[in-house]
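The next block holds one structure in the form of structure tokens; read it before the comments.
The values are calculated or read from the model by the stated rules, or taken from the named source; none is laboratory data. As the structure is a prediction and not an experimental result, all values here were calculated from the model. Using ideal geometry, Cβ is built from the backbone for each residue, glycine included, and neighbour counts are taken over all protein chains shown. Each accessible area value is taken on the protein alone, full model and side chains, heavy atoms only, with ligands, DNA and RNA left out. Shrake-Rupley method; radii C 1.70, N 1.55, O 1.52, S 1.80 Å.
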Amino acid sequence: MRKKQFKWLTVLSVIALLVLSACNSTDSGSGEGSGKTKEDYDFLSILTGGTQGTYYALGGTFADLISTETGIKTTAEVSQASAANMTAMQSGEGEIAFVQTDIAYYATEGLLMFEGKKIDTISALGALYPETVQLVTLADSGIKSFEDLKGKKVSVGAPGSGTYANAEQLLEIHGLSIEDDIEAQNLDFGESTEGIQSGQIDAAFITAGYPTGAVEALNATNKVSIIPVSADKAEALIKKYPYYAVDVIPAGTYGLEAEVPTVSVLAMIAVKKDLPEDLVYEMTKAIYDNTEKISHAKGTFIKAETGLNGINIEVHPGAQKYFDEVNK
């Protein structure tokens, strides 16, 4: 009897060990549970934004840098920007994405447009540059303030974009709402400026690093105006939504005769959590060790020493390793 009991205990012990071994093999590996290594990747996608935005312009450069550093072919993909990029990453449509820091926070916390749809598969690679909220119109439109938007046709950004959230919050601070006070249009940057030029819309919110290609193109044919955000409204906005910062569009940008006060959020790069640590380390190094190769004006803001500033979500271990090494 004792021998039978001993045999059964031995069998059960072996089964338990096999189960534990299987679990450990699933959870281990440099890809945080995926079990993948760098060698498993033949291709990487960077989700950017519309073709006339800063994300897409920088995305092509980043793709080239990452391809060179890692040996993995990387391409920049057109997308509907921040919020849509987070949803796409969750569904496996890309490994790397541009996103505003505020939208990344909403996504990982399941807030606002992500309520009930929390994104739990992304982490941060690093911070990039200020993304300025630009309320664009024509100089002869008669629109001089946010209050003048009432009853006007206004682009509030593509569906699923961070621009939409920024428009909603700035309008709120000025006592207006997207639903009740304007005729909201969901257009991307290129569509917005084309709509302004053709007279189909009156103004557009564009959240992007200046100078933004779409606005430059508009100014080449029509004198543009950027509507200012007053100091008291900026203060009220930041008090309620602390991820905003005071910003200024310098004189000379888009032919502006004087600087225009406004606000900004921060652009960042997000990556899939399950990417291998060594791969993300190399990706981070590719970008932050080669900032002199970034020709866009916003390249001057991208620095290793500020790579973690303003990041309010989990940082990928590979990126953290890089920043720990260079910022000793």
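Observations
- Residue within the range 212-228 that is farther than 21 Å from Gln52 by Cα and at pLDDT 95 or above present: yes
- Some residue of the range 90-98 being farther than 15 Å from Gly162 by Cα and aromatic (Phe, Trp, Tyr): no
- Of the residues making up the range 104-117, at least one is under 30 Å from Thr253 (Cα atoms) and buried (at least 24 other Cβ atoms within 10 Å of the Cβ).
- A single member of Val136, Val154 is assigned to a strand (DSSP E or B) and closer than 26 Å to Phe301 by Cα, and it is Val136.
- Members of the range 240-253 found to be open to solvent by 30 Å² or more (accessible area, probe 1.4 Å), within 27 Å of Tyr106 (Cα to Cα) and either without any contact (Cβ under 8 Å) to a residue 60 or more places away in the chain or part of a strand (DSSP E or B) (or both), listed by number: Pro242, Ala245, Val246, Val248
- Selection within the range 274-312 - outside any helix (DSSP H, G or I), more than 15 Å from Ala57 (Cα to Cα) and polar (S, T, N, Q): Asn290, Asn309, Asn312
- Filtered by the rule that a residue be part of a strand (DSSP E or B) and either more than 14 Å from Gln80 (Cβ to Cβ) or polar (S, T, N, Q) (or both), the range 35-61 gives Phe43, Leu44, Ser45, Ile46.
- Here Ser264, Ser295 are screened, and the one residue that is modelled with pLDDT under 95 and over 17 Å from the mean Cα position of the chain (by Cα) is Ser295.
- Test: residue in the range 262-273 that is within 23 Å of Ala57 (Cβ to Cβ) and either free of Cβ contacts under 8 Å to residues at least 40 places away in the same chain or in a helix (DSSP H, G or I) (or both): no
- Wholly within the range 161-239, strands (runs of 3 or more DSSP E) carrying at least 3 residues that are open to solvent by 10 Å² or more (accessible area, probe 1.4 Å): 183-185
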